[in-house]
Amino acid sequence: MVSLGTRQLTGSAAAVARRPPRRRFWPARATGYLFIAPLVIGIALFQLYPIAVTTYASFTQWNGLSSPVFTGLDNYRRLLTDDPTFRLVIKNTLFFMLGAIPLTTLLALGLALLTSQQRRGMAFFRMAFFVPFVANTVAVSFVWYRLFGGEDGVLNGFLGGVGVHGPDWLVTSPWAMLAVIIASVWQGMGYPMIVLIGGLQSIPATIYEASAIDGATGVRKFRHITLPLVTPSLFFVILTQFITTFQVFGIVYVMTQGGPNKQTTVYLLYVFNTAFGEGQVGYASAMAWILFVIIGLVTLVQWRLQRRWVFYG
């Protein structure tokens with residue numbers, strides 16, 4: 001009887017030992033919640049709350065200070081049918097994208113091909129081309145503003161030294177957008193270059209060795225090996241470039257402020273001017289949601305079309 005009772009007691013003690021102690025479990029969970037609390041609070045305050053406010057404001061007439069007046073879909077109807085400036089802004093933004101995305105991608109690919117080689121000093125050049133990407137946008141814009149600015153600009157001073165009269169880059173319609181595109185490409189090509197360098201260095205060297213045995217030249221290697229195998233990186237670069245260029249703001253604001261005659265007014269600059277310059281926060285909120293929908297739809301289309309040209313090996 002004593003032996004049986006001892007076994008029962010021992011079994012009960014083992015069961016209790018296997019059971020997770022409630023006093024230890026709850027403090028551990030509370031500690032985990034405490035660690036993630038700053039991130040959750042930050043997301044709620046700076047992302048979820050602004051999204052909710054912007055969603056409601058897009059259906060109202062509101063200047064950001066007074067009480068909003070609910071107007072339904074009036075802001076969206078006005079944007080899509082009665083706002084010629086909105087159509088001009090879309091056209092300017094598309095023109096900027098058609099200039100910036102191909103130039104940035106091609107230059108980034110060319111620099112990646114050059115700097116991915118295992119030679120002395122290539123790390124310095126990679127760093128030098130990447131630095132503008134992490135530099136302050138206002139500082140970069142001001143440097144290019146001084147380069148392109150008027151008669152006293154550095155570029156026109158150089159052209160005048162060789163007998164060429166340069167245009168007023170930032171106040172003339174054909175040249176202002178070109179100046180903005182050049183500045184944007186110069187600042188933005190560093191990150192795609194790094195991405196493409198990673199894609200190039202992930203290509204196995206044995207493939208190039210086998211192609212060399214078969215007599216493939218440098219051009220054929222690039223066309224039939226390098227370019228197909230780097231398409232995943234190219235797809236990522238083009239996708240992120242589309243999202244970035246559609247939201248360009250800082251360079252345009254500093255260099256041209258949307259002029260001349262709104263010929264360089266891009267989407268986000270128009271949203272900014274409408275919300276804070278004209279006090280139409282509700283109308284600007286509707287524009288922000290239309291931008292979200294456009295980016296989402298084009299991203300979805302690009303994701304579907306990647307199956308036709310992206311090669312994942």
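Side notes on the structure shown:
- Scanning region 148-168 for residues that are open to solvent by 90 Å² or more (accessible area, probe 1.4 Å) and more than 20 Å from residue 254 (Cβ to Cβ) yields 158, 162, 165.
- Residue tally, condition at negative phi, more than 28 Å from the chain's Cα centre (by Cα), of a type in the set (Gly, Ala, Ser) and open to solvent by less than 50 Å² (accessible area, probe 1.4 Å), over region 59-105: 0
- Every residue from region 270-283 that is of a type in the set (A, V, I, L, M) and touching a residue at least 40 places away in the same chain (Cβ under 8 Å): 275, 281
- Evaluation of residue 258 against the conditions (1) open to solvent by 50 Å² or more (accessible area, probe 1.4 Å); (2) within 24 Å of residue 103 (Cα to Cα); (3) free of Cβ contacts under 8 Å to residues at least 40 places away in the same chain shows that the sole unmet condition is (1).
- Hits in region 244-282 (condition: over 21 Å from the mean Cα position of the chain (by Cα) and not in a loop (DSSP other than H, G, I, E, B)): 273, 274, 275, 276, 277, 281, 282
- Flag for residue 139 being surrounded by fewer than 21 Cβ atoms within 10 Å (Cβ to Cβ) and either in a helix (DSSP H, G or I) or charged (D, E, K, R) (or both): yes
- Taken over region 179-203, the criterion of being part of a loop (DSSP other than H, G, I, E, B) and over 14 Å from residue 116 (Cβ atoms) is satisfied by 189 alone.
- Check on residue 221, open to solvent by 40 Å² or more (accessible area, probe 1.4 Å) and at positive phi: no
- Pairs, first closer than 24 Å to residue 208 by Cα in region 108-131, second not in a helix (DSSP H, G or I), C-beta under 9 Å, six or more apart: 108/189; 109/230; 111/189; 112/230; 122/116; 126/116
- Scan of region 106-126 for residues that are touching a helix residue (DSSP H, G or I) at 6+ places or on another chain (Cβ under 8 Å) and either open to solvent by 60 Å² or more (accessible area, probe 1.4 Å) or not polar (S, T, N, Q) (or both), ordered by number: 107, 108, 109, 111, 112, 113, 114, 122, 125, 126
- Here residue 129 clears all of (1) touching a Gly at 6+ places or on another chain (Cβ under 6 Å); (2) open to solvent by 60 Å² or more (accessible area, probe 1.4 Å); (3) farther than 24 Å from residue 190 by Cβ except the condition numbered (3).
- The lone criterion from (1) open to solvent by 40 Å² or more (accessible area, probe 1.4 Å); (2) in a helix (DSSP H, G or I); (3) among the aliphatic types (A, V, I, L, M) left unmet by residue 171 is number (2).
The values are calculated or read from the model by the stated rules, or taken from the named source; none is laboratory data. Predicted model only: the values in this text are computed from it and were never measured. FYI the Cβ positions are ideal-geometry reconstructions off the backbone, even for glycines, and counts take in every protein chain you see. Heavy atoms of the whole protein, side chains included, go into the accessibility calculation; ligands, DNA and RNA do not. Shrake-Rupley method; radii C 1.70, N 1.55, O 1.52, S 1.80 Å.
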